[in-house]
Amino acid sequence: MNFGFAFLSQRTGFDIPFHVVPWSTADSYGRALWVCLLNTLLAAAIGIVLGSLLGFLLGVMRLSANWLARSLSLAIIEIVRNTPQLLQIIFWYVVMIQALPPPRNGLALPGGMILSVRGLNMPSIEMGTAGLWPFLLLVASLCLVPVFRGLRRRRRVFGWAAPLLPAIALVVVLLSVDHLDYPTLRGFNYVGGVVVPPELIALVAGLSLYMSAFVAEIVRASLQGIAKGQREAASSLGLSGAQALFLVILPQALRVMIPQLTNQYLNLTKSTSLGAAIAYPELVQIYAGTVLNQTGRALETMFLVMIIFLGINLAISGFMAWYNARVAIVER
Amino acid sequence: MAPTHVWVKRNLFPSLSSGLLTLVLAGVIIVLVKAIFNWAVTDATISGTTRAACDAGGACWTFIKVRFDLFFYGRYPSPERWRVDLALALVVGTTAATLIAPPRWQGWLALILLGFVPAVAGILLVGGLFGLAYIATNLWGGLMLNVLLTAVAGGGGFILGVFLALGRRSKYPVIRLFSMLFIELWRGVPLLTVLFMAMLLVPLFMPNGATIDNLLRAMLALTLFTAAYMAEIVRGGLQAIPRGQAEAATALGLRPWAIQCFIVLPQALRLVIPGLVNTVIDLFKDTTLVSIVGLFDLLAVITQAQKDQVWLGMAREGYAFAVVVFFLCCFGMSLFSRRLEHRLNRHLRY
């Protein structure tokens with residue numbers, strides 16, 4: 001048995017049905033790794049954002065003065081926490097496939113989006129001649145905001161750029177948009193726009209709902225952990241309930257929440273591997289499935305998959321540790 | 001107890017916005033519950049034994065009724081199923097007894113649970129001894145497999161986890177480093193890849209001709225994975241025991257192993273029992289992942305049953321049944337864990 005990664009440069013010959021970056025059957029196994037890594041990261045990123053928002057909502061509902069909201073939140077949390085995640089993902093997938101209409105009479109959603117059994121068809125932004133450069137400019141200017149804010153606070157030159165630079169970049173992006181490409185029905189399927197496949201929708205729904213139940217309990221416990229006097233002080237200053245929550249309670253509760261949230265984010269990232277059960281082309285589905293079967297390289301493919309998951313998890317926990325240190329109480 | 005109208009005013013309509021929220025939520029809940037109730041009860045069919053009986057438009061529980069035994073025992077031969085029931089009763093009974101028995105019995109019960117019960121249950125399930133017919137593991141399936149995997153990986157993971165937790169606090173750097181690497185490695189990768197690894201890589205390292213049973217490999221993978229999580233929980237308990245306890249024991253002349261066994265671990269484990277039960281609940285839910293690597297647990301059996309030509313399109317009924325079964329098991333365990341926690345902390349309350 002020989003161990004080696006020479007196979008990574010070979011031609012694959014298989015199709016990956018969903019990809020964020022271009023992919024053709026002539027591409028190599030190395031490129032396939034990159035394509036399905038991006039698929040994994042996409043599912044994880046959407047899942048983390050949606051799950052955090054939903055979890056926060058459920059957690060606040062659990063503490064609501066309204067009995068119905070409180071009980072509904074409790075019921076959702078208990079049902080979601082006490083059933084297997086894989087079962088939930090398969091459930092969403094099967095129910096969605098059974099309930100959604102065929103492309104011929106897809107549901108028209110606001111903003112030109114169409115939902116059918118083939119997935120969610122969304123209009124795409126066509127950039128004309130400028131390509132992706134305006135977007136890169138926007139991302140770069142957003143990254144520079146903290147730097148310019150620091151300059152502004154110290155009343156140095158270019159301090160004005162803190163709010164203006166992203167605004168200018170946004171205008172550049174909007175000006176260089178050529179047109180929106182709306183999906184239209186042609187034959188048995190849609191052309192134009194971008195498609196979010198049903199596998200991704202089911203996976204993200206399963207992942208984020210499952211995580212939100214755990215996040216809700218974390219949010220509830222941390223909000224309850226903040227001394228009652230803080231809320232009373234906020235209301236005696238004349239702050240409204242929402243103002244007290246977002247300006248006084250939450251910033252303090254965040255410190256308790258972050259290490260536990262990190263655990264949940266790591267769990268969700270690992271759980272993207274369950275996409276293999278509904279044929280969402282992510283790392284495990286492609287590498288522990290298709291690539292392993294084609295090349296017979298069991299050791300190398302499993303090694304790659306595990307190393308990549310370890311790497312992603314270390315990166316997330318590193319980032320959260322940095323953020324945790326940033327928001328920690330500075331004791332003098 | 002306040003009169004009803006006071007309760008309603010205070011909890012449902014304390015302010016205008018909250019009252020509106022109540023109305024909206026009540027509307028949504030009524031519509032949803034009514035739709036589900038109609039599907040699951042009013043329009044449902046449970047009579048008969050064939051597909052033809054299901055013509056009311058609602059859920060077809062006849063499918064579940066016909067397949068009920070399959071969902072619980074897989075293809076385990078019918079006349080031998082009492083063995084499964086007996087093994088299950090034995091494991092659940094001794095586990096519950098160990099957790100709720102008075103403290104002076106708990107040590108002995110734990111020894112029986114971890115030493116004697118697995119052997120008896122194993123002989124009952126596999127057979128081939130004492131006149132019991134041999135049942136090959138590829139016939140095992142259904143919920144029985146989920147319970148079995150949970151019991152094996154929970155028990156084995158607990159023992160291994162205690163050793164890893166002690167190892168992580170060892171004064172020897174090699175043991176400490178090994179335990180730390182082991183724990184972090186398993187916790188950093190998805191369970192699914194661990195299962196894939198067990199299924200695909202273990203055969204590569206076996207000598208020619210030798211094979212390990214698929215079920216055994218899944219058990220091994222789940223045990224190692226669970227051990228890493230249990231180790232961290234036990235470590236938390238160990239950290240909570242004041243050093244004075246061990247120092248006092250040393251002063252009394254106890255050997256290091258005796259200090260761990262009789263002084264530190266009993267106190268530490270008592271603190272972390274709720275955490276360990278939570279890990280077992282997670283483990284029970286995660287046993288469904290073996291369906292992806294080709295074992296026929298409850299989820300896999302249900303998925304397969306609805307592909308039967310006669311019963312096509314029974315996905316909703318099948319998965320609804322699975323949701324109910326898993327919910328009852330997991331919710332039951334978590335209620336039990338909450339009561340246990342309450343009982344164990346009795347000495348802390350005044």
TODO: Keeping the other protein chains in place, figure out the carbon and sulfur percent of the accessible area of chain A, with a 1.4 Å probe.
DONE: 67 percent
Task: Under 19 Å from the residue B:216 label point (7 Å along Cα→beta-carbon), backbone N, region B:255-296 - done: B:294-296
Task: residue B:312/residue B:80 FRET efficiency (R0 25 Å; Cβ-Cβ; nearest 0.05) - done: 0.20
Task: Label point distance in nm, residue A:105-residue B:136, each placed 7 Å from Cα along Cα→Cβ - done: 5.0 nm
Task: Charged-residue dipole, Cβ positions (Lys, Arg, Asp, Glu), chain A about Cα centre, Debye nearest 20 - done: 1180 debye
Open item on the list: Please compute, for peptide A:59-72, the average count of beta-carbon atoms on other protein chains lying within 10 Å of each residue's beta-carbon.
Closed with: 4
Task: Mean separation of Cα contacts under 8 Å, 6 or more apart, over the residue count of chain A: relative contact order % - done: 23 percent
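With a 1.4 Å probe and every protein chain left in place, work out the accessible area per residue of region B:265-316 in Å², rounded to a whole number.
38 Å²
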TODO: For region B:217-320, divide the Cα radius of gyration by the Kirkwood radius and give the resulting Rg/Rh value with two decimals.
DONE: 1.28
Task: Label-to-label distance, nm, for residues given as residue B:178 and residue B:331 (7 Å Cα→Cβ offset) - done: 4.5 nm
Open item on the list: Just want the answer: with Cβ charges of +1 for Lys and Arg and -1 for Asp and Glu, which residue in B:222, B:166, B:242 is farthest toward the dipole's positive end in chain B?
Closed with: B:242
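Checking an interface number: how much accessible area is buried between B and A, summed over both chains, with a 1.4 Å probe, in Å² rounded to 100? Show your work: numbers first, answer last.
Working: alone 20870 and 18890 Å², together 36170 Å².
Counting both chains, the buried surface is close to 3600 Å².
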TODO: Counting only C-alpha contacts under 8 Å and six or more residues apart, can you give the relative contact order of region A:1-66 as a whole percent?
DONE: 24 percent
- [ ] Report, as an integer, the average count of C-beta atoms from other chains found within 10 Å of each Cβ along B:193-206.
- [x] 4
Task: Restraint check, A:270/B:34; B:9/B:34; B:34/B:65; A:228/B:34, Cα-Cα greater than 29 Å - done: A:270/B:34; A:228/B:34
Task: Cα-only Debye scattering, region B:287-350: base-10 log of I(q)/I(0) at q = 0.22, 0.24, 0.28 Å⁻¹ - done: -0.91, -0.99, -1.12
Open item on the list: Let's see if you can work this out: charge +1 on each Lys and Arg Cβ, -1 on each Asp and Glu Cβ, no other charges. What is the dipole magnitude of region B:1-82 about its Cα centre, in debye to the nearest 20?
Closed with: 180 debye
Open item on the list: Given a 10 angstrom Cα cut-off, can you work out which residue in A:22, A:251, A:146 is the most mobile in a GNM of chain A?
Closed with: A:146
Task: Accessible surface of region B:246-350 [probe 1.4 Å, protein heavy atoms]: carbon and sulfur percent - done: 64 percent
TODO: Please calculate how many Å² of accessible area region A:1-76 carries per residue, with a 1.4 Å probe and no DNA, RNA or ligand atoms counted.
DONE: 49 Å²
- [ ] From the C-alpha gyration tensor of chain A, pull out the three semi-axes of the equivalent ellipsoid (sqrt of 5λ each), sorted largest to smallest, in whole Å.
- [x] 37, 28, 25
- [ ] Principal axes first, then extents: for the Cα atoms of region A:1-106, list largest minus smallest coordinate on each axis, whole Å, largest first.
- [x] 62, 41, 26
Open item on the list: Could you report region A:92-158's accessible area per residue, 1.4 Å probe, as an integer in Å²?
Closed with: 69 Å²
TODO: Select from A:88, A:252, A:230 the residue whose mean-square fluctuation is largest in a Gaussian network model of chain A (Cα-Cα springs shorter than 10 Å).
DONE: A:230
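Calculate, in whole percent, how much of the Cα-Cα pair population of region B:162-289 lies beyond 16 Å. Show your work: numbers first, answer last.
On the way: 5557 of 8128 pairs.
Cα-Cα pairs of region B:162-289 separated by over 16 Å account for 68 percent.
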Open item on the list: Accessible area of region B:1-110 with a 1.4 Å probe: how many percent of it is carbon plus sulfur?
Closed with: 73 percent
Open item on the list: Bins of 20 Å, beginning at zero and ending with the bin holding the largest distance: percent of Cα pairs per bin for the protein assembly as shown, please.
Closed with: 13, 45, 34, 7, 0
Open item on the list: What does the structure give for B:8-19 when I average, per residue, the other chain Cβ atoms found within 10 Å of the residue Cβ?
Closed with: 3
Task: Loop-located chymotrypsin sites (Phe, Trp or Tyr not before Pro) in region A:131-201, at most 14 other Cβ atoms within 10 Å (DSSP) - done: A:158, A:160, A:188
Task: Nitroxide proxy distance, nm - points 7 Å out along Cα→Cβ at residue A:293 and residue B:169 - done: 4.8 nm
Task: Largest-first principal axis extents of the Cα set of chain B (Å) - done: 75, 69, 37
Task: Probe 1.4 Å, all protein chains present, accessible-area order of B:55, B:69, largest first - done: B:55, B:69
Open item on the list: Can you tell me which of B:165, B:153, B:315 moves the most in a GNM of chain B? Springs connect C-alpha atoms under 10 Å apart.
Closed with: B:315
Task: Rg/Rh for region A:72-224, where both radii come from Cα atoms and Rh is the Kirkwood radius - done: 1.13
TODO: Please give the residues of region A:264-281, grouped as numeric ranges, whose backbone N is less than 11 Å from a label point set 7 Å along the Cα-to-Cβ vector of residue A:230.
DONE: none
Task: region B:130-213: trypsin sites (Lys or Arg not before Pro) in DSSP loop, at most 11 other beta carbons within 10 Å - done: B:171
- [ ] Round to the nearest 10 and report in Å² the accessible area of residue B:31, as given by a 1.4 Å probe over the protein chains' heavy atoms.
- [x] 100 Å²
Open item on the list: So, taking all protein chains as they sit and a 1.4 Å probe, how much accessible area belongs to residue A:179, in Å² rounded to tens?
Closed with: 80 Å²
Open item on the list: Could you tell me the relative contact order of region A:120-244? Use alpha-carbon pairs under 8 Å, at least six residues apart, and round to a whole percent.
Closed with: 30 percent
Open item on the list: Need the per-residue list for region A:298-316: every residue with at least 20 Å² less accessible surface in the complex of protein chains than in the chain by itself, probe 1.4 Å, sorted by number.
Closed with: A:298, A:299, A:302, A:306, A:309, A:310
Task: region B:1-86: radius of gyration and largest Cα-Cα distance (Dmax), Å - done: 22.5, 64
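The values are calculated or read from the model by the stated rules, or taken from the named source; none is laboratory data. Because the structure is predicted, anything quoted here is derived from the model rather than measured. Glycine also receives a Cβ, built like all others from the backbone with ideal geometry; neighbour counts cover every protein chain displayed. Only protein heavy atoms, including side chains, enter the accessible area calculation; ligands, DNA and RNA are left aside. Shrake-Rupley method; radii C 1.70, N 1.55, O 1.52, S 1.80 Å.
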